[in-house]
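Please read the structure below before turning to the comments.
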Amino acid sequence: MWHDRPLKDGYDVVIIGGGAHGLACAHYLAKEHGVTDVAVLDKSYIGSGGSGRNTAIVRSNYLTPEGVRFYDESVKLYEQLAAELEFNVMFSQRGHLTLAHTDGAVRTMRRRAEVNRLQGVDSRLVFPDELAHICPQLDLSEHPRYPIMAALYHPPGGIIRHDAVVWGFANHADRRGVHIHQQTEVTGVDVRDGKVRGVETSRGYVAAETVLNATAGWGSTIAAMAGLELPIATAPLQACVTEPLKPFLDVVVVSGSLHVYVSQSSRGELVMGASVDPFGSYSMNSSLDFVEGLAGHVLELFPFLSKVRILRQWAGLCEMPPDFSPLMGFTPVEGFLLDVGWGTYGFKASPICGKTMAELIATNTTPDLIYPFRLSRFAEFDLVGEKGAASVGH
Amino acid sequence: MLVVPCPNCGPRNASEFRYAGEYRPRPHPSQDVTDDEWATYLYTRSNTLGVHTEWWFHTSGCGLWFLAERHTKTNAFVKSYLWGAT
Ligand SMILES: Cc1cc2nc3c(=O)[nH]c(=O)nc-3n(C[C@H](O)[C@H](O)[C@H](O)COP(=O)(O)OP(=O)(O)OC[C@H]3O[C@@H](n4cnc5c(N)ncnc54)[C@H](O)[C@@H]3O)c2cc1C
Ligand SMILES: [Zn+2]
C-alpha cells in the first residue's frame, strides 16, 4: 500500500507524526495543491498513536458555533471518504445518544441541540418515551441511582474503522509521491533567526522550511525542540472491549454524568471508554481502577451485561487544552506549524484538519474555519469552550 | 494503583487525592501583570516528558495541598513537600 523510500536530506514540507492528522494533511497537500515534496516522519509505525487507539466516534453535535461548523465539515468529508480513498473506512452513521441524568445536563443538551440546529446539524432532545424506541436496551426505569431524564439525539453520528482511515490516507499520499518514513524519530527542530530550517532525526538531518507538528500527545515535546511551550497537558485515556456478542446495540450511547460511553463494533465487541485518567502522564499503562469504575457505570445503563467479560484494554495519550478545542496554524516560529490539542476527541476531525492545514501551508493564510483555533487565542482571552461537549463523549 | 506520598500521611492510594496539575509560579496580583503573563500562567504548561513539579490535594485524607516531583513517564515520585519548603 505504501512504500519505504530513501530519506532525502530535504523536503518542501516535513510533517512530524504519522497519525490520521499528519497523513491527511499530506494527502490533501498532494491532491488539492500539487505539493508532493512532503515527508511524514513517525518515530514508530503509522497509526501507533491515538489514531490506532481511539474508539472511533464521529459526530458534530458540539457546543460552540465555531466547533459545530468545523466538526460538521469533517463529518461531511467522512461521508465521502471511502470513495475518495478507494478504501472501505466502514463509516456507520448509526446515531449517537448523549444521556442526561440531571436537570443541569438536560439544560446543556437543550442548548447544544439549539446551537447544532442553527448550524444545520441534525440534533435534538429526546425523552424516555422516544428513547425506548431508539435504544430499548437502556434501563429507562426509576431504579438506577441516576435515572435517565432525556438525551441529545444526533442521527448522523456514528463510528468508523480508524485503521482504515490511516491506511487510506497513507496509501493515497504515497501514490502521489509523498514519502512516509516510519521508525524515524524527530530529536530536534532547527530554528535560526526565528525561522524553522529543518529537523534532526534518528536517521540524520532533514532540511525543510515548513514543519508541521502533528504529534498529538507528544505535541509539547516537539514544541519544546522549537523553543515553544503550549497550553496543553498530556494525560492517558483508556478504553476496553468485551468479548463479541450478537449484535444488539445499533446506536452509540454516551453518559457524561456517569463518565462512560459504549458502542458495538461490527465484530460484536462492546467498545467502552470513559474520561482521561485522574492525573497527567505519558505512560500508556492500563489500570484495574479504570475497568472497575467503568464496568459499574455500564451496568447502571445495561444491567443485563453483568456476565459479559472484558477481552482487552489499552491506553493512548491525549494532549488536553484548557478549553477542549485544538491548536491549529501559525506559531511565533516562522514555518513551524501546529495541529495539536486534539485531546480525547481529535480522530473525528482528521479529514478537515488535513484539508485546512494543507490549505494553510499552500496559501500561507489561515482558513476562516480554523481561525478560532489559533494559538494566540489564549493571550487574547478568546477561548472556544467545548468542555461541556467533549470531556466524556469523545 | 498509583501510590502518592503525602508529606503528612505518608504513602496513600491515589484515589484519596485530587491531582491539580503542573506547578506554575503565579505572578503577584499586586504587580503590573501583562495579559501575556497572565495567559502564560493560566494556560501554558511545560508538559515535560520527565520529572516535573505538580500540585496534589489530599481530599479524602488530611486535606493538605502539597507539591510533588514525579517522572511523567514512569510515574515514579522523587519527593513531595509543602509549598515554599522545596
Ligand atoms: C482511548 C482513546 C479513545 C479515543 N476516542 C476518540 C473518539 O471516539 N473520537 C475521536 O474523535 N477521538 C478519539 N480519541 C482521540 C484521537 O485518538 C486523537 O485525537 C487523534 O487520533 C489524534 O490523531 P493525530 O494524528 O493528531 O495523532 P496520533 O495518532 O497520536 O499520531 C501522533 C504520532 O506522532 C508520532 N510521534 C510522536 N513523537 C514523535 C517524534 N519525536 N518523532 C516522530 N514521530 C513522533 C507518534 O508515534 C504518533 O504516531 C481517542 C483517544 C484515545 C486514546
Ligand atoms: Zn495527607
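Tell me, yes or no, whether the stretch B:24-42 has at least one residue that is under 14 Å from the mean Cα position of the chain (by Cα), away from chain A (no Cβ under 12 Å) and either crowded, with 16+ Cβ neighbours inside 10 Å or not polar (S, T, N, Q) (or both).
yes
Within the stretch A:250-275, count every residue that is assigned to a strand (DSSP E or B) and either out of contact with any Ser or Thr (no Cβ under 6 Å at 6 or more places or on another chain) or polar (S, T, N, Q) (or both).
Of the residues in the stretch A:250-275, 8 are assigned to a strand (DSSP E or B) and either out of contact with any Ser or Thr (no Cβ under 6 Å at 6 or more places or on another chain) or polar (S, T, N, Q) (or both).
Within the stretch A:1-32, how many residues turn out to be crowded, with 24+ Cβ neighbours inside 10 Å and either more than 16 Å from ligand 1 (Cβ to nearest atom) or in a helix (DSSP H, G or I) (or both)?
10
Say whether the condition of being of a type outside the set (Asp, Glu) and part of a strand (DSSP E or B) is met by at least one residue in the stretch A:215-223.
If we filter the stretch A:215-223 for residues that are of a type outside the set (Asp, Glu), which is where we start, we get A:215-223.
If we keep only those that are part of a strand (DSSP E or B) too, we end up with none.
No: zero hits.
Quick check, is B:Thr48 touching a Gly at 6+ places or on another chain (Cβ under 9 Å), within 14 Å of chain A (Cβ to nearest Cβ) and within 16 Å of ligand 1 (Cβ to nearest atom)?
Numbers: touching a Gly at 6+ places or on another chain (Cβ under 9 Å): no; within 14 Å of chain A (Cβ to nearest Cβ): yes; within 16 Å of ligand 1 (Cβ to nearest atom): yes.
Criteria not met by B:Thr48.
From A:Asn116, A:Asn171, grab the single residue that is farther than 30 Å from A:Ile222 by Cα and touching a residue at least 12 places away in the same chain (Cβ under 8 Å).
A:Asn116
When the stretch B:7-59 is examined, which residues are found to be in a loop (DSSP other than H, G, I, E, B), among the hydrophobic types (A, V, I, L, M, F, W, C) and out of contact with any strand residue (DSSP E or B) (no Cβ under 9 Å at 6 or more places or on another chain)?
Residues satisfying the conditions are B:Cys9, B:Val33.
Here are A:Tyr62, A:Tyr71, A:Tyr78: which of them is in a helix (DSSP H, G or I), among the hydroxyl-bearing types (Ser, Thr, Tyr), closer than 16 Å to A:Ala389 by Cα and outside the structural domain of A:Pro128 (by TED's automatic domain parsing)?
Among A:Tyr62, A:Tyr71, A:Tyr78, only A:Tyr71 is in a helix (DSSP H, G or I), among the hydroxyl-bearing types (Ser, Thr, Tyr), closer than 16 Å to A:Ala389 by Cα and outside the structural domain of A:Pro128 (by TED's automatic domain parsing).
Taking interchain pairs and intrachain pairs at least six residues apart, which have beta carbon atoms under 8 angstrom, with the first residue in the stretch A:182-199 and hydroxyl-bearing (Ser, Thr, Tyr) and the second assigned to a loop (DSSP other than H, G, I, E, B)?
A:Thr184/A:Leu7; A:Thr184/A:Asp42; A:Thr184/A:Lys43; A:Thr184/A:Ser202; A:Thr184/A:Arg203; A:Thr187/A:Ser202
The values are calculated or read from the model by the stated rules, or taken from the named source; none is laboratory data. Owing to the predicted nature of the structure, the values given are computational and were not obtained by experimental measurement. Every residue, glycine as well, gets a Cβ built from its backbone with ideal geometry; the counts of neighbours run over all protein chains shown.
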